[in-house]
Amino acid sequence: MRAISLILFFLIVFATIPSIADEKPPLIVSIVIDPLLRDRFATPEEFETHILDIINRASLIFHAEVGRRLVPRVIEVGLPPNTGFSINDKSAFAWLAEKLERHPSRFWVFLIDRPLASCDIPGIWSGCAMMNESYSIVAYNSDIGYTVQNLLHELGHNCGADHSEFEDSIMYFIGRNAVSYGDKTGIIRDTCGQ
Ligand SMILES: [Zn+2]
């Protein structure tokens, strides 16, 4: 009798775990990194571990919300030509779009460690993305939760979401350490979850 109830228990447990075949392929995030960010770290290993940590944290949230994991691809350290103290999104976007042509990928992220001084509207921004396009600029924050949120916010724009009016959404126009896309989850899942 005990054996039967154990078997039943395992059947029930396994029936409730989504099968591996249901897992959607991951979304590749190609990343270009500002040399100033790399220079914060004493060794290449520390630097790489930190970048992977950012993507892994973002991936956990993205997977829970959208059903797909994020995996980093080519990690390139570089800057658009003539970049000075701050980044102008127009020249950086053109630079990223050209990279995207050569290395097609759902997301191309430029992770910067200097002011982002234009997102069409002058000001200092934590990120810029082209709606429904594949590239974005994300400002690094030494508070890693904000970097993760900035990244997820810009990917949300790439996946067709505009700003949410709710403060607890990642798509609120100011970072609030949110862990859900909230009312914007549906559109992001429709665009990037398939
Ligand atoms: Zn935004």
#### Entry: Mean Cβ neighbour count within 10 Å, used as a protection proxy, ranking 98-108, 78-88, 61-71 highest first
61-71, 98-108, 78-88
### Solution diffusion estimate, µm²/s, Stokes-Einstein, the chain, Kirkwood Rh from C-alpha pairs, 10 °C, viscosity 1.306 mPa s
89 µm²/s
### Query
Once the Cα atoms of helix 89-102 and of the chain are each reduced to a long axis, what angle between those two axes, in degrees from 0 to 90 to the nearest 10, is obtained?
60 degrees
### Message
How tilted is helix 144-158 with respect to the longest principal axis of the chain? Cα atoms for both, answer in degrees (0 to 90, nearest 10).
### Response
90 degrees
### Summary
Nearest-0.05 FRET efficiency for Glu76 and Ser142 at R0 = 22 Å, using Cβ-Cβ distance, is 0.50
#### Entry: Calculated [θ] (222 nm, deg cm²/dmol) that DSSP helices of n ≥ 4 give over the chain, each run adding -39,500 (n - 2.57)
-13000 deg cm²/dmol
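Just so you know, all these numbers are worked out from the coordinates, no wet-lab data involved. All values derive from a computational prediction rather than experimental measurement. Note that we place each Cβ from the backbone using ideal geometry, even for glycine, and neighbour counts take in every protein chain shown.
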